[in-house]
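Visitor: Dropping the structure in here first, questions after.
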Amino acid sequence: MASCVSSMSCMILLITICTVSWLVSVACAEGRTRPFKRVFAFGDSFTDTGNTQNAEGPSGFGHVSNSPYGTTFFNHSTNRYSDGRLVIDFVAESLSLPYLPPYRHSKGNDTYGVNFAVAGSTAINHLFFVKNNLSLDITPQSIQTQMIWFNTYLESHECQQSNCRDFDDTLFWFGEIGVNDYAYTVGSTFSDDTIRKLAINSVSGALQALLEKGAKYLVVQGLPLSGCLTLSMYLAPPDDRDDIGCVKSVNNQSYYHNLVLQDKLQEFRKQYPQAVILYADYYNAYRTVMKNPIKYGFKETFNVCCGSGEPPYNFTLFATCGTPNATVCASPSQYINWDGVHLTEAMYKVISSMFLQGNFTQPPFNFLLGKKERLG
């Protein structure tokens with residue numbers, strides 16, 4: 001080897017081999033860090049990256065375009081209902097993809113996917129709420145609206161290309177949706193069972209439509225621990241509490257909703273064996289944090305970071321975040337609740353880590369990535 005290295009030809013050969021090896025390793029690294037070429041996202045305000053602006057959001061929370069929304073990470077409002085990034089943003093980061101542009105304001109910057117999620121969106125069609133006089137100040141978009149947008153997007157973008165229905169390199173992220181359905185029917189004659197059945201049927205229809213179109217990699221979030229949101233604590237009587245101090249009746253809605261959703265996903269796994277379908281367990285991820293908040297860096301579990309300043313939760317519906325009378329805390333990373341209904345970037349980061357690196361998706365997210373790597 002010593003005599004070979006001393007010759008010019010062998011030196012060139014070694015340099016060539018090293019260069020090729022380096023290029024191969026870079027290519028492999030890029031393959032590992034960018035397993036998907038694009039992401040399509042659906043959901044409500046927990047996933048919306050800008051489809052909703054001021055005066056378009058749910059009643060009482062129509063100030064998302066104002067400061068201090070977005071100030072922790074983006075330094076200005078991006079019409080995300082948080083002080084910074086959402087779970088879907090951390091998903092994009094983990095896949096080495098840009099943040100997803102909102103469908104309504106994508107401005108052609110949709111090479112790596114689009115976000116169709118809308119704040120205030122329901123699972124049940126909006127006409128149900130209209131027919132039953134439950135539509136006052138309710139966002140008119142539902143998951144059906146988002147599916148219409150998705151189909152319109154495919155027709156105007158994808159279908160001009162040869163790979164119109166090729167979703168081999170696409171991750172579908174179906175954010176939580178359904179919390180608003182229960183919230184909008186509070187005080188009505190409709191039972192939780194009725195809302196659950198209608199919402200699950202609607203969500204199932206949307207998921208099946210994606211699978212029929214050829215979706216191969218699908219992550220479906222369950223409902224979060226909605227009874228731990230400040231608004232729930234603010235509205236519920238003090239005797240309606242569970243073992244972690246949250247609103248028991250509201251958490252029960254999410255719990256039983258998620259059970260039915262998981263059963264439906266299992267049916268889809270059998271019906272579409274070629275697809276990898278993950279359930280993201282928002283409920284138990286959130287509950288894990290609530291049981292030991294200090295472990296995850298949180299000091300405030302119920303108080304909002306951005307709110308009215310009124311006790312006991314720094315919250316009132318008459319001075320919500322983004323209004324002139326609202327104040328913001330100095331350390332959002334120590335708070336779970338941002339504005340009373342939505343979470344802080346710090347909480348979203350913890351939850352996303354539990355989904356992407358932890359054991360709060362079934363099967364694990366690494367299983368999905370491994371399957372994608374094997375199939376190419």
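Visitor: Could you tell me what a quarter of the Cα convex hull surface of segment 284-376 works out to, in nm² with one decimal place?
Guide: Averaged projected area of segment 284-376's Cα convex hull equals 7.5 nm².
Visitor: So which trypsin sites (Lys or Arg not before Pro) in segment 287-376 pass both tests, a DSSP loop state and at most 12 other Cβ atoms within 10 Å of the Cβ?
Guide: In loop regions of segment 287-376 (DSSP not H, G, I, E or B), the sparsely surrounded trypsin sites (Lys or Arg not before Pro) are Lys299.
Visitor: Specify the residue with the greatest mean-square fluctuation among Thr71, Thr301, Thr344, computed from a Gaussian network of the chain linking alpha-carbon atoms under 10 Å apart.
Guide: Checking each option, the largest mean-square fluctuation is seen for Thr71.
Visitor: Round to the nearest 10 and give me the degree value, 0 to 90, for the angle of helix 248-271's Cα axis relative to the longest principal axis of the chain.
Guide: 40 degrees
Visitor: Candidates (1) 168; (2) 156; (3) 177; which is the computed volume of the Cα convex hull per residue in Å³?
Guide: (3)
Visitor: In this model, which of Lys197/Lys270; Lys291/Lys349; Lys107/Lys371; Lys107/Lys131; Lys213/Lys349; Lys37/Lys107 are farther than 26 Å apart at the alpha-carbon?
Guide: Lys107/Lys371; Lys107/Lys131; Lys213/Lys349
Visitor: Further, regarding this structure: What FRET efficiency would be calculated for the residue pair Thr327, Thr152, taking the C-beta separation as r and a Förster radius of 41 Å, to the nearest 0.05?
Guide: E between Thr327 and Thr152, to the nearest 0.05, is 0.50.
Visitor: Over the chain, calculate the relative contact order: mean separation of alpha carbon pairs under 8 Å at least 6 apart, over the residue count, as a percent.
Guide: On the way: 670 pairs, mean separation 63.3, N = 376.
Reported as a whole number, the value is 17 percent.
Visitor: Sticking with this one: Would you look at the GNM of the chain, springs on alpha carbons closer than 10 Å, and say which of Asn180, Asn125, Asn75 moves the most?
Guide: Result: Asn75 has the largest fluctuation of those listed.
Visitor: Here's something else I'd like to know. Would you please classify the overall shape of segment 218-273 from the alpha carbon gyration tensor, given that a ≥ b ≥ c denote the square roots of the eigenvalues, rounded means a/c under 1.5, and beyond that prolate means a/b larger than b/c while oblate covers the rest?
Guide: It comes out prolate by the Cα gyration axes.
Visitor: Under 17 Å from the Cα of Lys372, which aspartates and glutamates turn up, not counting those fewer than eight places away in the same chain?
Guide: Filter leaves Glu30, Asp166, Asp168, Asp169.
Visitor: What is the angle, in °, between the Cα long axis of helix 345-356 and the longest principal axis of the Cα atoms in the chain? Nearest 10 is fine, range 0 to 90.
Guide: Tilt of helix 345-356: around 60 degrees.
Visitor: With Cβ to Cβ distances under 12 Å as the rule, what net charge do the other residues near Ala236 carry (K, R +1; D, E -1)?
Guide: Surrounding charge for Ala236 is -1.
Visitor: Now for a different question. Round to a whole number: what % of the accessible area of the chain belongs to carbon and sulfur, probe 1.4 Å?
Guide: Numbers: 9180 of 16600 Å².
Exposed carbon and sulfur together represent 55 percent of the surface.
Visitor: What accessible area per residue, rounded to a whole number of Å², is obtained for segment 99-158 using a probe radius of 1.4 Å?
Guide: Using a 1.4 Å probe on heavy atoms only, each residue of segment 99-158 averages 44 Å².
Visitor: Further question: So what is the calculated 222 nm ellipticity per residue for the chain, using -39500 (n - 2.57) for each DSSP H run with n of 4 or more, over all residues, to the nearest 500 deg cm²/dmol?
Guide: Working: 12 runs with 149 residues, N = 376.
Helix-only estimate at 222 nm: -12500 deg cm²/dmol.
Visitor: Next up: So what is the relative contact order of segment 180-278, in percent, for Cα pairs below 8 Å that sit 6 or more residues apart? Before the final figure, lay out each step's value.
Guide: Numbers: 71 pairs, mean separation 33.2, N = 99.
RCO, segment 180-278: 34 percent.
Visitor: Once a ≥ b ≥ c are taken as the square roots of the eigenvalues of the Cα gyration tensor of segment 71-186, is the result rounded (a/c under 1.5), prolate (a/b larger than b/c) or oblate (a/b not larger than b/c)? Don't skip to the end; give the middle numbers.
Guide: Details: a/c = 2.22, a/b = 1.30, b/c = 1.70.
Oblate.
Visitor: Could you report segment 274-315's accessible area per residue, 1.4 Å probe, as an integer in Å²?
Guide: That works out to 41 Å² per residue.
Visitor: What is the angle, in °, between the Cα long axis of helix 282-291 and the longest principal axis of the Cα atoms in the chain? Nearest 10 is fine, range 0 to 90.
Guide: Rounded to the nearest ten degrees, it is 70.
The values are calculated or read from the model by the stated rules, or taken from the named source; none is laboratory data. In this text, all values refer to a predicted model and were calculated from it rather than measured experimentally. A quick note on method: Cβ atoms are made from the backbone with ideal geometry, for glycine too, and the neighbour counts reach across all protein chains shown. Accessible surface areas use protein heavy atoms only, side chains included; no ligands, DNA or RNA. Shrake-Rupley method; radii C 1.70, N 1.55, O 1.52, S 1.80 Å.
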